[in-house]
1. Taking residue 131, is it within 14 Å of the ligand (Cβ to nearest atom), among the small types (Gly, Ala, Ser) and surrounded by fewer than 16 Cβ atoms within 10 Å (Cβ to Cβ)?
2. Scan the stretch 242-251 and give yes if some residue there is aliphatic (A, V, I, L, M), within 15 Å of the ligand (Cβ to nearest atom) and assigned to a loop (DSSP other than H, G, I, E, B), otherwise no.
3. Kindly evaluate residue 118 against the criterion of being within 16 Å of the ligand (Cβ to nearest atom), at negative phi and hydroxyl-bearing (Ser, Thr, Tyr).
4. Of the residues 133, 164, only one is out of contact with any helix residue (DSSP H, G or I) (no Cβ under 7 Å at 6 or more places or on another chain) and among the aliphatic types (A, V, I, L, M); which?
5. Of all residues in the stretch 51-73, count the ones that are more than 10 Å from the chain's Cα centre (by Cα) and either within 13 Å of the ligand (Cβ to nearest atom) or among the aliphatic types (A, V, I, L, M) (or both).
6. Under 7 Å between Cβ atoms, which residue pairs at least 6 apart in sequence (or on different chains) link something in the stretch 43-58 that is modelled with pLDDT under 95 and of a type outside the set (S, T, N, Q) with a partner that is more than 16 Å from the ligand (Cβ to nearest atom) and not in a strand (DSSP E or B)?
7. Output yes when any residue across the stretch 117-134 is touching an Asp or Glu at 6+ places or on another chain (Cβ under 8 Å) and of a type in the set (Phe, Trp, Tyr), and no when none is.
8. Looking at (1) touching a residue at least 60 places away in the same chain (Cβ under 8 Å); (2) farther than 17 Å from residue 129 by Cα; (3) acidic (Asp, Glu); (4) within 16 Å of the ligand (Cβ to nearest atom), which is the only condition residue 205 fails?
Amino acid sequence: MNKLHKWSWLFIAVTIFALVIATGCGNTNKTAQSDNKPPSAAGGAPLTIKVLDIGQGDAILIRTKDQVVLVDTGDVPTKEKLVSMLKSQGINSIDKLIITHPHADHLGGAEAIFDNFTVKQIYDSGQKTTSNVYKQYLTQIKKKNIPFTVVTAGMTIDLGNETVLKVLAPDKQLFTGTESDLNNNSIVTKLVYGEFSMLLTGDAEKESEERMLHNDAAGLKSTLLKSGHHGSKSSSSVAFLQAVKPEAALISLGANNDYHHPHPSTLKKYNENKIKVYRTDTDGTLTVTTDGKTYTITKER
Ligand SMILES: [Zn+2]
């Protein structure tokens, strides 16, 4: 074997070695990404909830060790912000997308979500509207053939790792004739992991709160409350707050919003019931981490 041949063989050997390493690493990364489990994504906690600061609207990211769940998608103008927020968390697919009700400030980002992420399952309140946002939502679901479930009170949605969402509303018989039927028929769920729980209320108003109190007042008790309807006075009735008995309320809303959310009377009720207040307009994204026993709420600013 002359000198040239020796160098050729060495070059081939090095190339094969590099290819083996690269392929091996590639597979590892692929598996991690497809399982939505980049090492630091959930901050190491078994359950992380982020009430995302997407301005006026709701978008709540829930991550267990097994699943990525998004409750609502914010409004149309913030859809790209939502996409980049999720991508910055290393997310490329969403196991469960829950649309509490079809108002634009909850559904507006859905189109961008479908364009940028694989959505494996949708849970919907079953309410239809004539808005373009809603029509586009349905069109995309049909085009992408995404499994679609209409949820009603009594159902349980399994998020893996012993974490569940208990559906408390709407009842099979939807509200009609209230000030906002779309709001009152919002999907309300209680996120439960060990001793920790958080009530996610969408925009449910006092009629829905009364019905939930009637159905199972004791079952409402939760560690934390995602404030109903962005802290509006149409929600957070005293009887409801006293049944939920949350240690803190997290309000998702835009700064200087047109609706004057949150209402001073709601903040007063929280104060009187010793409920701490966190709000996305002043605090930015709110991150709750829990091990099922204790929890921490971190403000972005
Ligand atoms: Zn809303």
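The values are calculated or read from the model by the stated rules, or taken from the named source; none is laboratory data. Bear in mind the structure is a predicted one, so any value in this text is a computation, not a measurement. Cβ atoms come from the backbone with ideal geometry, glycine included; neighbour counts cover every protein chain shown.
1. On the way: within 14 Å of the ligand (Cβ to nearest atom): yes; among the small types (Gly, Ala, Ser): yes; surrounded by fewer than 16 Cβ atoms within 10 Å (Cβ to Cβ): yes.
Spelling it out, residue 131 is indeed within 14 Å of the ligand (Cβ to nearest atom), among the small types (Gly, Ala, Ser) and surrounded by fewer than 16 Cβ atoms within 10 Å (Cβ to Cβ).
2. The answer is no, given that none of the residues of the stretch 242-251 is aliphatic (A, V, I, L, M), within 15 Å of the ligand (Cβ to nearest atom) and assigned to a loop (DSSP other than H, G, I, E, B).
3. Working: within 16 Å of the ligand (Cβ to nearest atom): no; at negative phi: yes; hydroxyl-bearing (Ser, Thr, Tyr): yes.
So residue 118 fails the test.
4. Working: 133 fails: out of contact with any helix residue (DSSP H, G or I) (no Cβ under 7 Å at 6 or more places or on another chain).
Just a single option satisfies the conditions, and that option is 164.
5. First pass over the stretch 51-73, keeping only residues more than 10 Å from the chain's Cα centre (by Cα): 53-57, 64-67.
Checking which are either within 13 Å of the ligand (Cβ to nearest atom) or among the aliphatic types (A, V, I, L, M) (or both) leaves us with 54-57.
Result for the stretch 51-73: 4.
6. Cβ pairs passing all conditions: 45/291.
7. The answer is no, given that none of the residues of the stretch 117-134 is touching an Asp or Glu at 6+ places or on another chain (Cβ under 8 Å) and of a type in the set (Phe, Trp, Tyr).
8. (1)
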